[in-house]
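The values are calculated or read from the model by the stated rules, or taken from the named source; none is laboratory data. Since we're looking at a predicted model, the values are computed, not measured. Cβ coordinates were reconstructed from backbone atoms using ideal geometry, including for glycine residues, and neighbour counts include every protein chain displayed.
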Amino acid sequence: MSVKEGFDTTDQLIDLSCLYEITRELASSLVLRNCLAQAMSLLSEMKGMKNGTVTIVNPITGKLEIEVAHGLTAENKKRGKYDIGEGVTGRVVATGEPIIIPQIGEEPLFLNRTRSRGDQVASDRSFLCVPIKDSSRIIGALSVDCQYEEGIDDQARKDLQFLTVLSSIIAQTVRRIQIVTQEKESLQIENLKLRRELSNKNRIDDIVGNSSRMQEVFDMVHRVVDSNATVLLRGESGTGKTLVAKALHYNGVRHDKPFVAVNCSALPETLLESELFGHEKGAFTGATERKIGRFESAEGGTLFLDEIGEIPHSVQIKLLGVVQERVFQRLGSPQSISCDVRLVAATNRDLEHAVSEGNFREDLYYRLNVFPIYLPPLRERRTDILLLADFFLENYASENKKPIRRISTSAIDLLVQYHWPGNVRELQNCIERAVLICDGDSILATHLPPTLQTAPAGSDANPLSLAVAVENFEREIIIDALKKNNGNQTKTAQYLDTSLRIINYKIHRYGIDPKQFKL
């Protein structure tokens, strides 16, 4: 075997080995930029081909843009944009024919726009560029720098053939990843639609919330709504326990029967017992006539005991008997009265701690804690803050006959970052105040209470993340654009210089209803 034949065999083995490694990289990733970057790195290591660059046609702008480039900085890549037909790369994409530039420095078509080779282009380098074809469509170009001792020879042409084979593999990879990405986006959109439909299905009137935490609450409510099980609502003050109690009643089988609520912390011990169980005439001083208690008033319906953790021991004992046997006696009467009542209790206290301290009966605790539902504080469901704010804004603007249509970005930032110790009730009061103060069509940061504007930076244990801030800003931009275009999504996409598909995806993601912006 001659020396030349030995070199040919070695080159072929290197080519095959390089193609194998690159193909393996391209097949193992769903992130186009990552696998192409690794492929260009392998070209440099195994074939000595420098500045390996993959340029792809941007389907939106129609320009050639660098997808990956081995050894280029981010600034270099930004410069690498060409019109089709412009420069060497542009001509390859326009004609679909590969090009070899023997000496880069002497080629007028070579623009060196990326400045990756310095201001003075090396004259001893050759530039090889081949089109990337997806069937009959040219989607980009693959280019490298090579150095040949004797100028353009058979080795250069073999390298060009090698790159042509590689470009077809890259084209298949691009196509595969595009298909997978499109399917993934379609699945995400479909998932968002299904989640939205599920959200609407589980949605409870008068309770606003699309966050995952509130979806859990809605799911728990729907699971227990038609049963007779005692429900214990847990959560801080202002989280909406009364609304959930009403939802349990009015969405259940007892909806046509009475809903009776008692605030156990608002009444002293003597009055609370009478209020719950009633009394006979003469049962105590001042009892001038028979009184029907709340248990009797709620017959067939629901009795809501708010602030159950505040009731005194004497009442706890009698309440335990009612919860266990559904039988009670009016004060001053030996007669037992049966009742058919769905019991819902609520508290913002730590009942487990109260039991351990002896302030709350353990047996009553277990009787009440049959089906607990935890209502998260507003700081744990930040994605609902804007929904709630918009809901309250619409109600109070209508009530006060004010033409307020939106909340400004600066005000949104304050609302989302605030820690809301008073939860939804505090937010409701905040928006009502802002509506009364506002004289324009937008709620500004200056319309919000001083507590929101001067809250210490460290007061929030869970500050607004960059991702949430960006999503809030993006949602605001889309809503503004929809308003300006009367809810027309196609015009909104054009107005924001993006595609209709992206706008549709964002609208579904942020739960925006374009119909509300149609005039």
Go through region 265-293 residue by residue and tally those that are under 46 Å from the mean Cα position of the chain (by Cα) and either aromatic (Phe, Trp, Tyr) or crowded, with 21+ Cβ neighbours inside 10 Å (or both).
2
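How about region 478-503: which of its residues are under 25 Å from residue 384 (Cβ atoms) and surrounded by 15 or more Cβ atoms within 10 Å (Cβ to Cβ)? Step through it out loud before you land on a result.
If we filter region 478-503 for residues that are under 25 Å from residue 384 (Cβ atoms), which is where we start, we get 478-483, 487, 489, 492, 502-503.
Across region 478-503, the qualifying residues are 478, 479, 480, 481, 482, 483, 487, 489, 492, 503.
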I'm checking my understanding of the structure. Among residues of region 122-132 that are assigned to a strand (DSSP E or B) and at pLDDT below 90, which one is farthest from residue 175 (Cα to Cα)?
126
When residue 30 is run through (1) at pLDDT 80 or above; (2) within 22 Å of residue 172 (Cβ to Cβ), the failure sits at (1)
Restricting to region 405-443, count the residues that are farther than 30 Å from residue 486 by Cβ and charged (D, E, K, R).
3
Can you tell me which residues in region 75-90 are part of a helix (DSSP H, G or I) and of a type outside the set (A, V, I, L, M, F, W, C)?
75, 76, 77, 78, 79, 87, 89, 90
Need the failing condition index for residue 344 against (1) more than 23 Å from residue 247 (Cα to Cα); (2) buried (at least 17 other Cβ atoms within 10 Å of the Cβ), just the number.
(1)
Give me a count of the residues in region 252-289 that are modelled with pLDDT under 90 and either touching an Asp or Glu at 6+ places or on another chain (Cβ under 8 Å) or of a type in the set (A, V, I, L, M) (or both).
13
Checking residue 395 against (1) out of contact with any helix residue (DSSP H, G or I) (no Cβ under 9 Å at 6 or more places or on another chain); (2) not basic (Lys, Arg); (3) not assigned by TED's automatic domain parsing to the domain that holds residue 276, the condition it does not meet
(1)
Residues that are surrounded by 14 or more Cβ atoms within 10 Å (Cβ to Cβ), modelled with pLDDT under 90 and not small (Gly, Ala, Ser): does region 419-436 have at least one?
yes
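Would you check if residue 320 is in contact (Cβ under 8 Å) with a residue 40 or more places away in the chain, part of a strand (DSSP E or B) and crowded, with 16+ Cβ neighbours inside 10 Å? Talk me through it step by step, then tell me what you get.
Values: in contact (Cβ under 8 Å) with a residue 40 or more places away in the chain: yes; part of a strand (DSSP E or B): no; crowded, with 16+ Cβ neighbours inside 10 Å: yes.
It is false that residue 320 is in contact (Cβ under 8 Å) with a residue 40 or more places away in the chain, part of a strand (DSSP E or B) and crowded, with 16+ Cβ neighbours inside 10 Å.
Quick one: which of 404, 385, 412, 373 is under 28 Å from the mean Cα position of the chain (by Cα) and in a loop (DSSP other than H, G, I, E, B)?
Working: 385 fails: in a loop (DSSP other than H, G, I, E, B); 412 fails: in a loop (DSSP other than H, G, I, E, B); 373 fails: in a loop (DSSP other than H, G, I, E, B).
None of the others qualify; the one that does is 404.
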Given the residues 75, 21, 45, 65, which is the only one that is at pLDDT 80 or above and surrounded by fewer than 15 Cβ atoms within 10 Å (Cβ to Cβ)?
45
Considering only region 266-286, how many residues are of a type in the set (Asp, Glu), in contact (Cβ under 8 Å) with a residue 40 or more places away in the chain and farther than 13 Å from residue 316 by Cα?
1
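Out of 243, 276, 232, 248, which single residue is of a type outside the set (Ser, Thr, Tyr), under 26 Å from residue 391 (Cβ atoms) and in contact with a Phe, Trp or Tyr (Cβ under 9 Å, 6 or more places away or on another chain)? Show your work before the answer.
Working: 243 fails: in contact with a Phe, Trp or Tyr (Cβ under 9 Å, 6 or more places away or on another chain); 276 fails: under 26 Å from residue 391 (Cβ atoms); 232 fails: under 26 Å from residue 391 (Cβ atoms).
One residue alone meets the criteria, 248.
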